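So the structure is just underneath, and the comments pick up after that.
Read-outs: derived from the displayed coordinates by stated rules, not from any lab. As the structure is a computational prediction, the values presented were derived from the model and not from experiment. Every residue, glycine as well, gets a Cβ built from its backbone with ideal geometry; the counts of neighbours run over all protein chains shown.
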Amino acid sequence: LSQKMLKPLSPLPHTDPATQRVIELGAGTGAFTRALIEHGLHAHNLLVVERDAALHGLLCQRFPGLQVIQADACALRTAAQASGYLQGGPADAVISGLGLLSMPRATQRSILTEAFAVLRPGGCFVQFTYGHASPVSRALRDELGLHVRRSGLAWRNAPPASVFVYQRA
């Protein structure tokens, strides 16, 4: 699944200078974090965001050289500014492991609005979800001016997971 999540960012960072700065939402235990680093993303270009205090502590232990902040994705813009991450410019991509599918539409709207506020023009929001349908409804995508494409499907994941890429229309 990690490789499917990184597919929209490829080739990162060696031949695609446009995708260098990444924010990860809902990092959990760090599976995607590790994949990003192994994929060649430089630590200073990655901001890891985790709301849960215990998982935040675990991430800080596992990745001592990374900037890991404890924050809510609904306040991403403020958290990214306060951390100093945005001083280096906007993010090129936001990768999300959040359970958008189970969240109310208002929470989804808030997270997506915050994510696109920290992205450069043309940047992308990459979301994995269990199942085949986009976790963001057509109505909300239309409201926010987003288009979506499925980037991958991880059949070997249990349960199978899809990767969706959202960009401004």
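Taking the Cα centre of region 2-168 as reference, the dipole from Cβ charges on Lys and Arg (+1) and Asp and Glu (-1) amounts to some 400 debye. Backbone amide hydrogens, once placed in the peptide plane, bring Ser96 within less than 5 Å of Leu25, Val126, Gln127, Phe128, excluding anything fewer than 5 places away on its chain. The GNM of the chain, with springs linking C-alpha atoms under 10 angstrom apart, assigns the highest mean-square fluctuation among Pro104, Pro90, Pro135 to Pro104.
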